[in-house]
Amino acid sequence: TLLEGIKCIGELTPRTKDFLVSFGERMSVRIVAANLNKLGVPSQGFDSWTIGMQTNSEFGNAEVLPKSYDKIKETLDKFDSMMVPVVTGFLGADPNNRITTLGRGGSDLTATILGAGLSVDEVQVWKDVDGIMTADPRLVPSALPVNAVTYEEAAELASFGAEVLHPISMQPAILTNIPVRVKNSYNPSAIGTIITADRDMSDALVTAITSKNNIETIDIISTRMLGAYGFLSTVFRLFEECQVSVDVVASSDVSVSVTIDKKNTLPENIHKLMSKLQKFADASILKERCIVSIISNLNKSSEVMTTTFGVMKRLGIQCEMLSQGASKVNISIVVQMAEKDALIKALHAVFFEEMPLDDIKPID
């Protein structure tokens with residue numbers, strides 16, 4: 001009936017799309033619960049909002065409301081403790097009971113919210129790799145699983161391109177200090193990666209290398225507001241007005257460079273932003289760029305950066321922008337998209353495979 005309605009109207013709003021994509025997940029929990037019961041495991045399927053998962057009304061990328069935690073515990077505590085609840089992932093409902101989705105990888109976030117609400121001993125997230133890897137195994141076949149990372153490291157990896165976890169899935173675990181383990185459903189015997197608040201960093205240098213592809217860089221240099229108070233606040237107010245989100249920032253009092261993710265930004269919003277910026281600044285866009293992020297030991301960042309720039313020098317790659325996040329575990333470098341693969345492979349070879357810098361050859 002819903003599909004017929006969409007066909008007749010000839011359009012698909014974010015609200016309707018969330019409703020539409022919910023059917024597969026809702027059907028799956030009923031199938032899984034029924035099969036568990038058939039196997040003799042008492043089980044019941046739940047749509048997440050029926051146990052208290054409430055979100056705001058930002059369809060397609062909804063945020064879970066804080067009151068959900070207590071409501072989830074209150075609801076599930078009423079059931080027999082031997083009953084296995086099977087709950088829809090990545091779905092919620094707003095205060096008007098309209099179905100919402102939590103964005104890409106939202107089932108990870110659902111899992112950690114449920115874990116936090118129920119105060120479990122450990123949350124397990126099952127994927128198709130042996131945990132968090134030192135690099136994307138599709139690009140670097142020699143990539144290795146990482147045994148342990150901190151919440152900060154996992155969050156930075158997720159935010160800057162690693163597709164193993166949802167970017168904000170660590171927040172509920174951080175609030176309640178619950179360990180999260182990433183396991184491989186195709187290789188259950190693998191230990192996986194354990195994510196905790198702290199870990200032994202004495203021997204650690206680089207944890208993993210990831211990338212955010214096909215981004216754009218906006219360079220903004222003050223003209224009329226040269227040295228004037230409020231330049232940066234004016235710039236970022238315009239980003240907010242035009243609904244353009246920023247990944248990486250490098251700035252001074254009269255200039256700022258930022259990266260934006262085209263996938264999460266409407267082209268018309270970028271055009272609107274540039275028009276506003278050019279009224280008081282020289283603003284230009286560099287396309288086909290990439291953020292290469294190195295998640296590393298903050299106490300050894302100088303060593304990491306020295307080696308990284310040594311690799312880039314050998315390859316003949318120029319750093320267009322450099323930023324170290326407030327957490328200090330993430331060093332982000334902006335390069336041309338065409339140079340990304342060679343850089344990541346070389347960095348992985350040096351940091352994880354003991355390749356000497358002298359063995360790195362320039363890019364043809």
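One residue stands out in region 291-327 among those that are in a loop (DSSP other than H, G, I, E, B) and free of Cβ contacts under 8 Å to residues at least 60 places away in the same chain: the one that is least open to solvent (accessible area, probe 1.4 Å), namely ILE317. Among the residues of region 100-116, at least one is in a strand (DSSP E or B), more than 15 Å from the chain's Cα centre (by Cα) and buried (at least 21 other Cβ atoms within 10 Å of the Cβ). Residues in region 328-344 that are crowded, with 18+ Cβ neighbours inside 10 Å and either closer than 12 Å to ALA135 by Cβ or without any contact (Cβ under 8 Å) to a residue 24 or more places away in the chain (or both): 3 in all. The residues listed here are ILE209, ILE215; of these, the one that is of a type outside the set (D, E, K, R) and in contact with a Cys (Cβ under 7 Å, 6 or more places away or on another chain) is ILE215.
Rundown of residues vs (1) of a type in the set (Gly, Ala, Ser); (2) part of a loop (DSSP other than H, G, I, E, B); (3) without any contact (Cβ under 8 Å) to a residue 60 or more places away in the chain; (4) open to solvent by 80 Å² or more (accessible area, probe 1.4 Å), yes/no style:
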{"site": "LEU12", "(1), (2), (3), (4)": "no, yes, yes, yes"}
{"site": "LEU20", "(1), (2), (3), (4)": "no, no, yes, no"}
{"site": "ALA33", "(1), (2), (3), (4)": "yes, no, yes, no"}
{"site": "GLY45", "(1), (2), (3), (4)": "yes, no, yes, no"}
{"site": "GLY60", "(1), (2), (3), (4)": "yes, yes, yes, no"}
{"site": "TYR69", "(1), (2), (3), (4)": "no, no, no, no"}
{"site": "ILE72", "(1), (2), (3), (4)": "no, no, yes, no"}
{"site": "SER81", "(1), (2), (3), (4)": "yes, yes, yes, yes"}
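For region 215-235, a residue qualifies if it is open to solvent by 70 Å² or more (accessible area, probe 1.4 Å) and either part of a helix (DSSP H, G or I) or closer than 30 Å to VAL129 by Cβ (or both), and exactly one does: SER233.
When each of ILE174, ILE168 is tested for being surrounded by fewer than 23 Cβ atoms within 10 Å (Cβ to Cβ), under 22 Å from ARG104 (Cβ atoms), of a type in the set (Val, Ile, Thr) and free of Cβ contacts under 8 Å to residues at least 40 places away in the same chain, the lone residue that passes is ILE174. ALA283 falls short on exactly one of the conditions (1) open to solvent by 10 Å² or more (accessible area, probe 1.4 Å); (2) in a helix (DSSP H, G or I); (3) not aromatic (Phe, Trp, Tyr), and that condition is (2). One residue alone among SER332, SER323 is within 17 Å of LEU157 (Cα to Cα) and modelled with pLDDT under 90, and that residue is SER323. For region 246-273, enumerate the residues that are over 22 Å from VAL335 (Cα atoms) and open to solvent by less than 50 Å² (accessible area, probe 1.4 Å). Scanning region 246-273 gives VAL254, ASN269, LEU273.
Looking only at region 47-58, which residues are closer than 20 Å to LEU118 by Cβ and open to solvent by 40 Å² or more (accessible area, probe 1.4 Å)? Selection gives TRP49, THR50, GLN54.
The values are calculated or read from the model by the stated rules, or taken from the named source; none is laboratory data. As the structure is a prediction and not an experimental result, all values here were calculated from the model. Neighbour counts are summed over all protein chains in view; Cβ atoms, including those assigned to glycine, are modelled from backbone coordinates with ideal geometry. Quick note on the areas: whole protein, heavy atoms, side chains included, nothing else; ligands and nucleic acids left out. Shrake-Rupley method; radii C 1.70, N 1.55, O 1.52, S 1.80 Å.
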